[in-house]
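Taking it in order: structure first as structure tokens, then the write-up.
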Amino acid sequence: MGFNCVRLTWPLDLATNVTLATSVTVRDSFQSLGLNTDISGFETKNPSMIDLPLIEAYQSVVTTLGNYNVMVILDNHLTKPGWCCGNDDGNGFFGDIFFDPATWISGLTYMATSFKDTSNVVGMSLRNELRGPKQNVDDWFKYMLQGAEAVHEANPYALVILSGFSYDTDLSFVRSRPVSLTFSGKLVFELHRYSFTNVDIWSSKNPNDACGEILKIIDDGGGFLLRDFPVFLSEFGIDLRGGNINDDRYIGCILGWAAENDIDWSIWALQGSYYLREGVVGMTEYYGVLDSDWISVRNNSFMQRLSLIQSTLQGPDPQPEVSNLIFHPLTGLCMLQSSLDLTKVNLGRCNQSQPWDYTTDNTLKLKNIPLCLANTGPNAPVKLSEASCSIPSLSQWQPISASNMLLAAKSTNNSLCLDVDGDNNVVATNCKCVNGEDTSCDPMSQWFKIVKVNKANEDV
């Protein structure tokens, strides 16, 4: 499936309630929740784990993931075991009934110490989705920095991941008051983003305008930190049954942003169902990558859409050789030269794409090959030709619209944009949703993102 890391949640009680952690077994836990019918299945699949104490079962999961070279980020999701989250659930912010700062720091220290010699544990997310009426900047700095230092002291090798306000959507306060810690080189900030985070924007504006507004909100809320720190998109996702128009628009927008910035991320979620969620036994997770049988992939086309951002595109250090891919978020494919007709361009797997140059005058050309992408007229396939390289106006493509994902031909006064036909051929059609159209217009087949890469394409 292409995943190399699991964000593995844990409740604070698992690290601070000794009786729960060491005296309650997995079997006991199932029985206490009335899940007796699930015990036999668990015992069949995980016979060595069913009678382990809960903390040892958690450790066993981490070890097993490591045996398959899967990294783990330990995520303190909440205090009391259960479903997260609500503004009034008592788990939201420091000082809430279930969120005592001293107990929290003790739990972080315990988990950091317990896993300090576990090589596949690469980071600790200090707390999931801070929220609620008690949120304030002074307490955030007081306690989050104490938590960060406690984790670092216990495990100097683990990344320390800090979340912000309002369900992990707001780190804007860090812009004017930077985080100061005794260590460096391992601080990460995390963000969450779903279509329902700003559902009013997706439902009231055309997709180009909505995407542009959302990307500004993301940048103001924490994306700006990318200039100096890693930013981890630790939750995003959609209802994988499809049919939700806000999800459709949001995911194309967020995939373009993630690819452009080479974001590290984790998808919500892997699981296809729950033993028990909010009192419902066997509830299906429609955001889950796996189907409810935990074997089948729920939506294969969605996995294709994720494939580019599953790759390292830029690497940690500046590279002398930089090229581009032309990414199409709707399909998860990239623009490439046809193998049957070298003048044609179609969509294909991104690891098969030739590298592209995108020049300062907006010319798109194949790297180290004198072939430029030329507009040939409305509803016609674009062409690669050497002649168009000497006529810049024919091969200039400029990002337009609030989304910055429409590539418009300068030679047509930005009236024709790259698009894709039913056979995955790249064509030029009238630019969509650029003149104040209502919410019913649909530009997503025209959404392309020029993505910088400094890694070999076979790694993509």
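The values are calculated or read from the model by the stated rules, or taken from the named source; none is laboratory data. What you see is a predicted model; the values in this text were computed from it and never measured. Every residue, glycine among them, receives a Cβ derived from its backbone with ideal geometry; neighbour counts consider all protein chains shown.
Scan segment 74-94 and tell me whether some residue there is among the charged types (D, E, K, R), assigned to a strand (DSSP E or B) and under 28 Å from PHE302 (Cβ atoms). Yes, segment 74-94 contains at least one residue that is among the charged types (D, E, K, R), assigned to a strand (DSSP E or B) and under 28 Å from PHE302 (Cβ atoms).
For beta carbons closer than 7 Å, sequence separation of 6+ or different chains, a first residue in segment 344-356 that is assigned by TED's automatic domain parsing to the domain that holds LEU366 and on the phi < 0 side of the Ramachandran plot and a second that is outside any strand (DSSP E or B) and buried (at least 20 other Cβ atoms within 10 Å of the Cβ), the qualifying pairs are VAL345/VAL382; CYS350/LEU308; CYS350/VAL460; ASN351/VAL460. Residues that are surrounded by 15 or more Cβ atoms within 10 Å (Cβ to Cβ) and acidic (Asp, Glu) within segment 310-361 comprise just one, ASP357. Candidates are the residues of segment 12-33 that are without any contact (Cβ under 8 Å) to a residue 24 or more places away in the chain and of a type outside the set (A, V, I, L, M); the one that is surrounded by the most Cβ atoms within 10 Å (Cβ to Cβ) is ASN17. For segment 117-140, check the following and say yes or no: at least one residue is within 23 Å of THR19 (Cα to Cα) and aromatic (Phe, Trp, Tyr). No - not one qualifying residue is present in segment 117-140. Among the listed residues SER388, SER339, SER296, SER307, which satisfies the condition of being more than 23 Å from ASN404 (Cα to Cα) and at pLDDT 95 or above? Of the residues listed, the single one that is more than 23 Å from ASN404 (Cα to Cα) and at pLDDT 95 or above is SER296.
Would you confirm whether any residue within segment 106-119 is surrounded by fewer than 16 Cβ atoms within 10 Å (Cβ to Cβ), modelled with pLDDT under 95, acidic (Asp, Glu) and assigned to a loop (DSSP other than H, G, I, E, B)? So far as segment 106-119 goes, no, none of its residues is surrounded by fewer than 16 Cβ atoms within 10 Å (Cβ to Cβ), modelled with pLDDT under 95, acidic (Asp, Glu) and assigned to a loop (DSSP other than H, G, I, E, B).
The one condition from (1) in contact with a Lys or Arg (Cβ under 7 Å, 6 or more places away or on another chain); (2) part of a strand (DSSP E or B) that GLY288 does not meet is (2). For the residues GLU285, GLU321, GLU278, the requirement of being in contact with a Ser or Thr (Cβ under 7 Å, 6 or more places away or on another chain), over 20 Å from ARG227 (Cβ atoms) and among the acidic types (Asp, Glu) singles out GLU285. Within segment 391-405, the residues that satisfy the criterion of being modelled with pLDDT under 95 and buried (at least 17 other Cβ atoms within 10 Å of the Cβ) are LEU394, SER395, GLN396. Residues that are surrounded by fewer than 15 Cβ atoms within 10 Å (Cβ to Cβ) and either aliphatic (A, V, I, L, M) or touching a residue at least 60 places away in the same chain (Cβ under 8 Å) (or both) within segment 278-309 comprise GLU278, VAL280, VAL281, ILE295, listed in sequence order.
Please identify the pairs in which a residue from segment 135-153 that is assigned by TED's automatic domain parsing to the domain that holds MET124 and farther than 21 Å from SER114 by Cα has its Cβ atom under 8 Å from the Cβ atom of a residue that is among the β-branched types (Val, Ile, Thr) and surrounded by 15 or more Cβ atoms within 10 Å (Cβ to Cβ), counting only partners at least 6 apart or on another chain. Hits for this filter: PHE141/VAL179; TYR143/ILE105. Residues that are within 22 Å of ASN362 (Cβ to Cβ), in the same structural domain as ASP239 (by TED's automatic domain parsing), of a type outside the set (Lys, Arg) and in contact with a Pro (Cβ under 9 Å, 6 or more places away or on another chain) do occur in segment 257-279. Looking at ILE73, ILE55, just one residue is touching a Gly at 6+ places or on another chain (Cβ under 7 Å) and not charged (D, E, K, R), and that residue is ILE73. Could you check, for segment 179-195, whether at least one of its residues is surrounded by fewer than 17 Cβ atoms within 10 Å (Cβ to Cβ), aliphatic (A, V, I, L, M) and not in a loop (DSSP other than H, G, I, E, B)? No, the conditions are met nowhere in segment 179-195. Of all residues in segment 78-94 being among the charged types (D, E, K, R) and farther than 21 Å from VAL24 by Cβ, which is surrounded by the fewest Cβ atoms within 10 Å (Cβ to Cβ)? My answer is ASP88.
Counting only residues that are among the acidic types (Asp, Glu), at pLDDT 95 or above and not in a strand (DSSP E or B), segment 412-460 holds 3 of them.
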